[in-house]
1. Write down the Kirkwood hydrodynamic radius of chain A, to one decimal in angstroms, obtained as one divided by the mean of 1/r over all alpha carbon pairs.
2. Can you list the residues, at least 5 places off or on another chain, whose amide H is less than 5 Å from the amide H of A:D94, using H built in the peptide plane?
3. Run lengths n ≥ 4 of DSSP H only: what is the helix-derived mean residue ellipticity at 222 nm for chain B, with -39500 (n - 2.57) per run over all residues, to the nearest 500?
4. Who wins for biggest fluctuation among B:L41, B:L17, B:L145 in a Gaussian network model of chain B, springs between alpha carbons below 10 Å?
5. Counting Lys and Arg as +1 and Asp and Glu as -1, each charge on the Cβ, what is the dipole of the stretch A:31-142 about the Cα centre in debye, to the nearest 20?
6. Which values of log₁₀ I(q)/I(0), to two decimal places, follow from the Debye formula for the stretch A:62-143 at q = 0.11, 0.15, 0.22 Å⁻¹ with a uniform point scatterer at every Cα?
7. Which one of A:T74, B:A95, A:A42 is farthest out on the positive end of the charge dipole of the protein assembly as shown, using unit charges on Cβ (Lys, Arg +1; Asp, Glu -1) and the Cα centre as origin?
8. What would the Debye equation give as log₁₀ I(q)/I(0) for the stretch B:5-150 at q = 0.11 Å⁻¹, counting only Cα atoms as equal point scatterers?
Amino acid sequence: MDWIIASVVVVALVGATTAVGLLWRRRQGAASPLKHEEAPLATGDFGGTFDGAFGERATLVQFSTEFCSSCPGTRRVLSALAAEREGVAYLDVDVTHRADLVRRFSLLQTPTTLVLDRRGVVRTRIGGAVRRSVVIDRLEEFA
Amino acid sequence: MIDPRSPRLGAGITAALLLITILLGIALDPAPGSGLLDRVLQPAFLLLTAISLLFLRGATAGVARHPYGLLFRALVRPRLGPPKELEDPRPPTFAQLVGFVVTAAGLVAAALGIPYAVPVAAGAAFVAAFLNAVFGYCIGCQLYLLLVRLRPTGRAA
């Protein structure tokens, strides 16, 4: 009897963990539009990590850590998108030692990507490895 | 830098061993009032001890020198194509430390006579190992940011 209970628990655990994993994977790279518009950010809000200017149409800001497995892939996608498009800037912020920025932007995972419009207002937040098509859709919407 | 498929293979083996631990731990949970020796000689307790020591090995020696890392390089890596990209060994090493802490806490609780401590700890470790093996979820990467947020000082040099 105990073996039956143990087997049921094991099967239920595998099932529940698989469901969590599927849910997590579906949300990776999905764009979450922000409910209310926040005040525009300035380049100084990134704690001295930004030495250029925001893009004339849009800016892609990626938060990374030194040991983040999907950060290099996201960096490739975003920097290529910015290079292909006039007026789109790309910024990679390393927050490995920047607790201030982790708190300021409520980062729960890296990479986290912010898409800013021409005024520096955050229009989209993307958690996890980005999907090229999702970023393009969002850029085309307002940039 | 390491091949990211190496820690995932290790996580898969660990997840399978943890499932066996849970099965044995629930089916053969020692009766209340049994002696310390009875409790620590349970198959589930012994298996979780072995898993816990492997976590400790990974956390201290690094995942590359972990037995599963050696297994990957000797048997699996030669049969696969080159990896798309390499990965920093620190997140999987940190995850090994988390695994060690969780499993060691379960072993201590079980030795103290808390019922089902072994399967509960094995279950928690299983969730992380399974998500890592199957979905590539890296719990160390997320916990690291939480630790950064909790750290009182604003920035490190």
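Rule-based calculations on the coordinates, nothing more; no lab input. All of these numbers come straight from a predicted model, not from anything done at the bench. Every residue, glycine among them, receives a Cβ derived from its backbone with ideal geometry; neighbour counts consider all protein chains shown.
1. Values: mean 1/r = 0.0605 Å⁻¹.
The answer is 16.5 Å.
2. Long-range HN contacts for A:D94: A:S64.
3. Details: 7 runs with 100 residues, N = 157.
Calculated mean residue ellipticity at 222 nm is -20500 deg cm²/dmol.
4. Comparing B:L41, B:L17, B:L145 in a Gaussian network model of chain B, the most mobile one is B:L145.
5. Values: 15 positive and 15 negative charges, 57 e Å.
Dipole size: approximately 280 debye.
6. The Cα Debye sum returns log10 ratios of -0.27, -0.50, -1.07.
7. Farthest towards the positive end: A:T74.
8. Each listed q maps to, in turn, -0.43.
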